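Asks: My structure is below; once you've seen it, I'll send some questions.
Nothing in this text is a laboratory measurement; each read-out follows from the coordinates by a stated rule. Bear in mind the structure is a predicted one, so any value in this text is a computation, not a measurement. We place every Cβ from the backbone using ideal geometry, glycine too, and count neighbours over all the protein chains shown.
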Amino acid sequence: MTKGKAAKQAWRNRIVGHDVKPASWFLANEENWRIHPKKQQEATEGVLDEVGWVQDVMVNKRTSPQWADRQGVETLVDGHMRVLLALKVSDDEPVPLEYVDLTPDEERKVLLTLDPLAAMAAADKEKLDGLLREVSSESAAVQAMLAEIAEKEGIRLGRELPAPEAQIDKAAELQEKWQVTTGSVWEAGAQRLICGDCTDRATVDRLMRREKAALVVTSPPYFNQREYSQWKEYADYLSFAERCVKGTSDNLGDDSIFVVNIGSDEPARRWMPSDWWVILRDCGWLYRECIAWVKSAAVWSVPRSMHIENGHYFPAQRWEVMLVVSRGDHPKFDIADRDKVRRFDENVWEIGVVTGGEQRALGHTAPFPLEIPERFTMAYTQKGAIVLDPFCGSGSTLVACARLGRRGRGIEIIPQYVSVALQRLQDMGLEVKRVEDGHSITSPP
Ligand SMILES: C[S@@+](CC[C@H](N)C(=O)[O-])C[C@H]1O[C@@H](n2cnc3c(N)ncnc32)[C@H](O)[C@@H]1O
């Protein structure tokens, strides 16, 4: 016995058996005081539909002599609403039950205290926050209940989270703060990212931990446009793209979608969307559609909009391709789901770039507007789904995922950009921590 604890008898086990009976078999307790509002019934029905029975209803056997003429009348103590919901399905709906054997006083005590005791539980906000971000439901009533819990606990979910900009100009300073090293894994709420090479299997495995993503949204590097260009020959670039597609594809589920945002590479005289399509096709992906992302004209003023070659001017490409490929029979969204359908009612998207041309001029990573990963994430995934961005840059996909209640997974090779992404996630109010094998190994700065 633990020191300091008074000698105490072990608690009696009053459960005397289990059974399954048809819904019409149950007898309601005359003293049942609980009433069940419509929204409680609908939310319970939602969970029963999605998960099924995970808890018995409780029936008292009433074998105590104190029951006198009511002896042996097997009566519900707990689970009235679930039995009613089962009756709505059919009289024969099987309901799992546990038998207890209680005297009249004990039965009343349990009847009175069971729900209020459960309701006395307080919330560990961090854990609740994590669960709320990870769990999603098809049932509107369950989603409404979860939103209510979040509101009651002051937890901000979804798009009401702020959308901080990427502070790419402060990358060096932020790297000083976060001290990101190659191979380090970071988590912020339900978002996770790793600093490493997405063509390296071990890196992808450490990030994904055997979980499968439902969607990839990514903007890969171009052959020769930015500081991270690493290839001498275009053929090297293509084999790099192939390794990325292969490694990433293995971490995607059966009905997944792969979206690549890629433009043309004029200096290299290459039309990269076609090369990415061929690689994806050869890895088993099927063509779904091609969306033109048109950047707002304002930031493409002359002379930046012009591309000069051998004394000739060419208009630079003001639109980029969003190549969408799929496995299985996507898209699966219901035509009645207007929000999702609206995002796909046309395939020319006019969306301004993030901060104009400055970042291009500086040769920095080019964050895509949040709206891009947000549109695809909303259209192609449910809450709680995993969305992977193998070229995560400043973390736009992860920010979108945090705002939409999805679990973003990002890979970025340059430590400074990982720092920029971490800062962005922290600026959203998420707690950022470095992790190893799922355990926190540093406290946030
Ligand atoms: C076009 S940017 C992506 C920008 C990103 N969508 C955003 O919103 O910030 C491409 C990114 O891929 C990164 N990158 C290049 N090669 C990589 C590799 N092998 N593995 C992971 N990331 C890589 C670059 O450092 C760069 O940040």
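Asks: In the stretch 70-224, if the dipole is taken from +1 on Lys/Arg beta carbons and -1 on Asp/Glu beta carbons about the Cα centre, which of ALA213, VAL110, VAL89 is farthest to the positive end?
Replies: ALA213
Asks: Still on this structure: Give the relative contact order (percent, whole number) for the stretch 15-119; include only Cα pairs under 8 Å separated by 6+ residues. Working shown, then result.
Replies: Values: 151 pairs, mean separation 45.4, N = 105.
RCO, the stretch 15-119: 43 percent.
Asks: Here is a further query. Please give me, ordered by residue number, the trypsin sites (Lys or Arg not before Pro) of the stretch 160-215 that lie in loop per DSSP and have at most 16 other Cβ atoms within 10 Å. Kindly include the intermediate steps, with their values, before the conclusion.
Replies: Numbers: sites: LYS170, LYS177, ARG192, ARG201, ARG206, ARG209, ARG210, LYS212; in loops: ARG209, ARG210, LYS212.
For trypsin sites (Lys or Arg not before Pro) across the stretch 160-215 that sit outside H, G, I, E and B with at most 16 neighbouring Cβ atoms in 10 Å, the list reads ARG209, ARG210, LYS212.
Asks: Continuing with this model, one more query. Anything over 24 Å Cα to Cα? Flag those among LYS38/LYS125; LYS21/LYS88; LYS61/LYS109; LYS127/LYS433; LYS125/LYS433, in the order listed. Display every interim value, and only then the final one.
Replies: Details: LYS38/LYS125 27 Å; LYS21/LYS88 15 Å; LYS61/LYS109 16 Å; LYS127/LYS433 15 Å; LYS125/LYS433 17 Å.
Long pairs (Cα-Cα over 24 Å): LYS38/LYS125.
Asks: Just rank PHE376, PHE391, PHE240, fewest to most, by other beta-carbon atoms within 10 angstrom. Please report the intermediate quantities before stating the final value.
Replies: On the way: PHE376 24, PHE391 21, PHE240 18.
Going from sparsest to densest Cβ surroundings: PHE240, PHE391, PHE376.
Asks: Let me ask another. Reachable lysines from LYS295, Cα under 28 Å, same-chain residues fewer than 8 places away excluded?
Replies: LYS170, LYS340
Asks: What FRET efficiency, computed as 1/(1 + (r/R0)^6) with R0 = 45 Å and r the Cβ-Cβ distance, is obtained for ALA122 and ALA202, rounded to the nearest 0.05? Don't jump to the answer; show the numbers that get you there.
Replies: Working: r = 42 Å, r/R0 = 0.93.
Working from the Cβ atoms, E equals 0.60.
Asks: Order of THR199, THR181 from fewest to most other C-beta atoms within 10 Å?
Replies: Working: THR199 20, THR181 10.
So the ranking, lowest neighbour count to highest, is THR181, THR199.
Asks: Filter the GluC sites (Glu not before Pro) in the stretch 1-79 down to the DSSP loop ones having no more than 11 other Cβ atoms within 10 Å, then list what survives. Write down the numbers at each step before the final one.
Replies: On the way: sites: GLU30, GLU31, GLU42, GLU45, GLU50, GLU74; in loops: GLU30, GLU31, GLU74.
Answer in residue order: GLU30.
Asks: Could you list ILE372, ILE15, ILE149 so that the one with the fewest beta carbons within 10 Å of its beta carbon is first and the one with the most is last? Let's see the in-between values first.
Replies: Details: ILE372 23, ILE15 12, ILE149 15.
Neighbour counts put them in this order, fewest first: ILE15, ILE149, ILE372.
Asks: Here's something else I'd like to know. Residue by residue through the stretch 253-267, what is 3J(HN,Hα) from phi via Karplus (6.51 cos²θ - 1.76 cosθ + 1.60, θ = phi - 60°)? Round to whole Hz and write x for glycine and proline.
Replies: Result, ordered by residue: x, 4, 9, 8, 10, 10, 10, 10, 9, 8, x, 8, 10, 4, x Hz.
Asks: For LYS246, give me every one of the lysines with a C-alpha distance below 21 angstrom, ignoring sequence neighbours fewer than eight places off in its own chain.
Replies: Cα-Cα hits under 21 Å: LYS212.
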